[in-house]
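Reading through the structure tokens given below for one structure.
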Amino acid sequence: MSDATLLAAANTDDAGHGSADRQVDKTNDRRVEETIDRRFEDTIDRQVEETTDRRRRLQRLLSDYPVLVMVAIGWIFAILAVALFADLLAPYGYSKLDLSARLAPPVFMGGSPAHWLGTDELGRDVLSRLVISVRISLLVAFVSTVLSATIGVSLGFIAAHFRGWVEQVVLTLVDFQASMPFMIIALAVLAFFGNTLTLFIALMGCYGWERSARIARGLTVAANEQGYAAAANEIGASPMRVYAVHVLPNIASTLIVSVTLTFPEVILLESGLSFLGLGVQPPMTSLGNMVGYGREYLQSAPWILLAPSAVIVLTTFSVSLVGDWLRDRLDPTLR
């Protein structure tokens with residue numbers, strides 16, 4: 001075989017090998033591209049799933065904890081902080097007079113930064129009086145609501161425990177209380193006995209107890225029929241322990257919702273009586289007291305009335321909103 005023939009055969013072999021190598025390279029390239037595409041698609045799918053999960057979690061979070069409810073809870077905590085630290089937050093004494101700054105407008109109406117919310121007809125700082133008024137009004141509302149709930153729950157337990165004529169007497173009292181206009185009764189009592197803070201709080205504590213009594217009586221009767229209260233009695237627990245330790249924790253969620261309904265009502269009632277001059281008396285101050293004194297200057301100095309009015313509206317609205325949210329969260333029939 002000649003050299004030319006050998007050279008041609010070698011070239012043919014090289015060409016065949018080169019073609020095979022190119023096909024192998026193309027196959028490898030396609031495999032790499034397919035692997036990259038699959039990884040890219042998997043990455044996209046994971047990102048889409050993660051985004052969808054985040055949206056679902058966010059929607060669930062907003063459904064369980066609405067923004068408006070969270071704002072209301074924030075306002076309630078802010079008001080509680082103001083009430084607790086009123087002495088530190090008030091820039092002046094709430095009864096300090098400054099006749100040279102009488103009826104000074106607030107800062108947002110061109111007033112001096114020395115009085116952020118202006119002054120009243122005697123030159124008293126509105127912000128300082130507002131801070132102290134929040135403390136007094138919340139104190140009256142809180143103690144009165146606790147007193148009302150205590151009376152109602154106690155009478156409800158008594159009615160559910162003794163049944164018979166005792167239950168009928170309690171239910172008659174409940175119906176009598178619900179049928180009487182409490183504002184008229186309060187006006188009569190305060191006008192006849194005079195007005196002190198202790199008497200005023202005790203009178204406010206008699207408001208709304210019939211609601212708690214009805215709820216406590218009905219839930220306690222249902223709890224007694226479920227058996228765990230009877231089981232506690234069988235092992236020797238006293239009635240006081242049965243109702244305080246076993247029954248009350250099981251009905252507390254419903255009672256809490258009832259309390260959140262009573263609390264803003266007491267705030268409005270205190271504000272109304274103070275507006276009429278039969279609530280918190282000078283030199284003490286309250287939100288309703290400020291509104292009552294500010295009504296005479298509604299045209300010339302509206303900031304005296306508007307500041308406490310805004311606090312009353314926002315506080316009662318927030319407590320009512322949180323109460324409705326708690327009812328939806330705690331009531332198993334609404335889930």
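What do you reckon, is Gly323 surrounded by 16 or more Cβ atoms within 10 Å (Cβ to Cβ), more than 30 Å from Pro106 (Cα to Cα) and touching a Pro at 6+ places or on another chain (Cβ under 9 Å)?
It is true that Gly323 is surrounded by 16 or more Cβ atoms within 10 Å (Cβ to Cβ), more than 30 Å from Pro106 (Cα to Cα) and touching a Pro at 6+ places or on another chain (Cβ under 9 Å).
For Glu121, all conditions in the list (1) under 24 Å from Thr315 (Cα atoms); (2) open to solvent by less than 30 Å² (accessible area, probe 1.4 Å); (3) outside any helix (DSSP H, G or I) hold save one; what is the number of the exception?
(1)
Sort out which residues of the range 184-235 are under 29 Å from the mean Cα position of the chain (by Cα) and open to solvent by 60 Å² or more (accessible area, probe 1.4 Å), and write them in order of number.
Thr198, Arg211, Arg214, Arg217
Kindly list, by first and then second residue, each pair from a residue in the range 147-172 that is buried (at least 16 other Cβ atoms within 10 Å of the Cβ) to a residue that is among the hydroxyl-bearing types (Ser, Thr, Tyr) and outside any helix (DSSP H, G or I), limited to pairs with Cβ atoms under 7 Å and residues at least 6 apart or on different chains.
Note: pairs meeting the criteria are Ser148/Tyr207.
Please work out which residue is nearest to the chain's Cα centre (by Cα), limiting yourself to the range 238-277 and to residues that are within 13 Å of Phe200 (Cβ to Cβ) and outside any loop (DSSP other than H, G, I, E, B).
Val266
So, in the range 296-308, of the ones that are open to solvent by 50 Å² or more (accessible area, probe 1.4 Å) and out of contact with any Gly (no Cβ under 9 Å at 6 or more places or on another chain), which residue ends up farthest from Arg124 (Cα to Cα)?
Per the criteria, the residue is Gln299.
Anything in the range 171-183 that is within 31 Å of the chain's Cα centre (by Cα) and not aromatic (Phe, Trp, Tyr)? List them, or say none.
Val174, Asp175, Gln177, Ala178, Ser179, Met180, Pro181, Met183
Do you know which of the residues in the range 265-295 that are free of Cβ contacts under 8 Å to residues at least 60 places away in the same chain and not small (Gly, Ala, Ser) is surrounded by the fewest Cβ atoms within 10 Å (Cβ to Cβ)?
Pro282
Exactly one condition in (1) within 26 Å of Asn289 (Cβ to Cβ); (2) touching a residue at least 24 places away in the same chain (Cβ under 8 Å); (3) part of a helix (DSSP H, G or I) is not met by Ser100; state its number.
Among (1) within 26 Å of Asn289 (Cβ to Cβ); (2) touching a residue at least 24 places away in the same chain (Cβ under 8 Å); (3) part of a helix (DSSP H, G or I), the lone unmet condition for Ser100 is (2).
Any residue in the range 313-325 that is without any contact (Cβ under 8 Å) to a residue 60 or more places away in the chain, under 29 Å from Glu121 (Cα atoms), out of contact with any helix residue (DSSP H, G or I) (no Cβ under 9 Å at 6 or more places or on another chain) and part of a helix (DSSP H, G or I)?
Scanning the range 313-325, I find at least one residue that is without any contact (Cβ under 8 Å) to a residue 60 or more places away in the chain, under 29 Å from Glu121 (Cα atoms), out of contact with any helix residue (DSSP H, G or I) (no Cβ under 9 Å at 6 or more places or on another chain) and part of a helix (DSSP H, G or I), so the answer is yes.
Checking the structure you have, find out if any residue of the range 53-64 is out of contact with any Cys (no Cβ under 9 Å at 6 or more places or on another chain), in a helix (DSSP H, G or I), modelled with pLDDT of 70 or more and open to solvent by less than 70 Å² (accessible area, probe 1.4 Å).
Scanning the range 53-64, I find no residue that is out of contact with any Cys (no Cβ under 9 Å at 6 or more places or on another chain), in a helix (DSSP H, G or I), modelled with pLDDT of 70 or more and open to solvent by less than 70 Å² (accessible area, probe 1.4 Å), so the answer is no.
State all residues of the range 278-312 that are assigned to a loop (DSSP other than H, G, I, E, B) and either of a type in the set (Gly, Ala, Ser) or in contact with a strand residue (DSSP E or B) (Cβ under 9 Å, 6 or more places away or on another chain) (or both); if no residue qualifies, say none.
Gly279, Ser286, Ser300, Ala301
Take the range 161-216 and flag every residue that is outside any helix (DSSP H, G or I) and of a type in the set (Phe, Trp, Tyr).
Matches in the range 161-216: Tyr207 only.
Each row is one residue, and each column tells you yes or no for (1) in contact with a His (Cβ under 6 Å, 6 or more places away or on another chain); (2) within 19 Å of Ala141 (Cα to Cα); (3) of a type in the set (D, E, K, R).
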site: Thr172; (1), (2), (3): no, no, no
site: Met180; (1), (2), (3): no, no, no
site: Leu187; (1), (2), (3): no, yes, no
site: Phe192; (1), (2), (3): no, no, no
site: Leu197; (1), (2), (3): no, yes, no
site: Ile201; (1), (2), (3): no, yes, no
site: Glu210; (1), (2), (3): no, yes, yes
site: Ala223; (1), (2), (3): no, no, no
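Using the structure shown, decide if Val311 is under 25 Å from the mean Cα position of the chain (by Cα), closer than 28 Å to Met70 by Cβ and open to solvent by less than 60 Å² (accessible area, probe 1.4 Å).
yes
I need the full set of residues from the range 236-264 which are at pLDDT below 80, crowded, with 21+ Cβ neighbours inside 10 Å and either under 25 Å from Ala186 (Cα atoms) or not hydrophobic (A, V, I, L, M, F, W, C) (or both), in order please.
Tyr243
Given Ser144, Ser133, which one is of a type in the set (Gly, Ala, Ser), open to solvent by less than 70 Å² (accessible area, probe 1.4 Å) and in contact with a Pro (Cβ under 7 Å, 6 or more places away or on another chain)?
Ser133
The values are calculated or read from the model by the stated rules, or taken from the named source; none is laboratory data. Note that the structure is predicted; figures quoted are calculated from it, not measured. Cβ sites come from the backbone with ideal geometry, for glycine too, and all protein chains shown count toward neighbours. We work out accessible area using only protein heavy atoms, side chains counted, and drop any ligands, DNA or RNA first. Shrake-Rupley method; radii C 1.70, N 1.55, O 1.52, S 1.80 Å.
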